[in-house]
Amino acid sequence: MSTLAIDAGNTRIKWGVHDGGKWLHQSAAPTAHAKRLRDEFAQWHAAERVVVANVAGERIAEALAEALEPASAKPLWVVSRAEQCGVRSSYAEPSRLGADRWAALIAVRCKYEGACVVVNAGTTMTVDALSSESIFLGGFIVPGFELMRGALATHTAQLALREGSFSFFPDNTGDAIASGALNALAGAVERMCRYLVESGEDQPTVVLSGGNAGLLVPRLNGPVHVVDNLVLEGLVRIGANDG
């Protein structure tokens with residue numbers, strides 16, 4: 001059964017069409033261009049399921065709903081639950097967890113066993129803990145790489161935004177800022193791994209997704225897997241479960 005899966009984030013809207021066995025198509029556009037997606041979706045209006053995770057706000061939800069009006073299937077707007085697809089949530093209010101984070105957790109549980117740290121490195125970076133018993137224990141939200149660099153440029157007099165790359169011992173301001181941001185992001189992931197081990201879990205598998213995943217891989221220790229469009233994978237699973 002074909003599924004049109006849509007992940008609307010703060011910076012980009014990613015989507016793909018899955019036939020139940022493989023991806024037929026994947027693409028992305030700036031979130032600001034949501035109203036233009038009607039034509040992009042036109043060739044997929046016959047999809048038997050449409051599943052959407054939107055964390056970009058009501059205006060984007062309205063634009064997507066308009067773009068999807070001609071679709072054969074009524075969109076399923078994902079809301080995080082206390083339990084779904086074998087994953088249980090420990091969030092104080094399960095429905096308030098971002099739908100993208102929930103979909104990513106479900107995708108990871110379908111792909112990997114044991115404890116996992118699920119990382120989506122985009123505009124913000126989320127770092128979520130999934131136990132070996134498939135319980136979402138909680139997670140961090142931190143500014144992403146560009147937000148960290150931009151905050152320093154905006155709120156300090158001497159740290160204007162400039163190019164830089166990672167260095168163990170930065171000897172210029174651009175490298176110092178880039179290295180500081182990457183070390184902070186990697187530290188959040190490694191701290192979550194440590195907390196899982198301290199809670200009695202085996203060393204967790206780290207699963208990375210998002211536009212800045214590639215920046216983090218060289219900075220992390222232990223088993224690391226990069227999965228493109230992890231949220232879309234989870235949306236397909238949710239659609240199959242609810243269909």
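Just so it is clear, none of the values below were taken in a lab; they were calculated from the coordinates. What you are looking at is a predicted structure, and each value in this text was computed from that prediction instead of being measured. With ideal geometry, Cβ positions are generated from the backbone for all residues, glycine too; neighbour counts draw on all protein chains shown.
Counting each DSSP H run of 4 or more residues in the chain as -39500 (n - 2.57), what helix-only mean residue ellipticity at 222 nm follows after dividing by all residues, to the nearest 500 deg cm²/dmol?
Helices in the chain give a 222 nm mean residue ellipticity of -10500 deg cm²/dmol.
Suppose the Debye formula is applied to equal point scatterers at every Cα of region 61-182; what is log10 I(q)/I(0) at q = 0.14, 0.18, 0.20 Å⁻¹?
-0.79, -0.94, -1.00
Any idea what the dipole of the chain comes to, in debye rounded to 20, about its Cα centre with Lys/Arg Cβ at +1 and Asp/Glu Cβ at -1?
Computed about the Cα centre, the dipole is about 220 debye.
Kindly list the residues of region 99-139 that lie in the label zone of residue 90, defined by a backbone N under 11 Å from the point 7 Å along the Cα-to-C-beta vector.
129-139
Charges at C-beta only: +1 for Lys and Arg, -1 for Asp and Glu. How large is the resulting dipole of region 132-229 about its Cα centre, in Debye rounded to 20?
Taking the Cα centre of region 132-229 as origin, the dipole is about 260 debye.
Just need log10 I(q)/I(0) for region 42-106 at q = 0.29 Å⁻¹, Debye formula, equal scatterers on the alpha-carbon atoms, no solvent, rounded to two decimals.
After summing over all Cα pairs, the log10 values are -1.19.
With +1 assigned to the C-beta of every Lys and Arg and -1 to the C-beta of every Asp and Glu, and no other charges, what is the dipole magnitude of region 3-77 about the Cα centre in debye, to the nearest 20?
160
Where does the charge balance sit around residue 9 when Lys and Arg score +1, Asp and Glu -1, over other residues with C-beta under 13 Å from its C-beta?
+1
Work out the FRET efficiency for residue 11 and residue 153 from their Cβ-Cβ distance, taking R0 = 30 Å, and round it to the nearest 0.05.
The formula returns an efficiency of 0.95 here.
Based on the Cα coordinates of the chain, what is the per residue volume of their convex hull in Å³?
Convex hull of Cα atoms, per residue: 133 Å³.
Rounded to the nearest 0.05, what FRET efficiency is calculated for residue 77 and residue 217 with R0 set to 25 Å and r the Cβ-Cβ distance?
For residue 77 and residue 217, the calculated efficiency is 0.15.
Packing-wise, with mean Cβ within 10 Å as the measure, how do 12-21, 89-98 rank, highest first?
Descending packing order for the listed peptides: 12-21, 89-98.
Cα-based Rg (one decimal) and Dmax (whole number) for region 3-77, in Å?
Radius of gyration, then largest Cα-Cα span, for region 3-77: 11.1, 33 Å.
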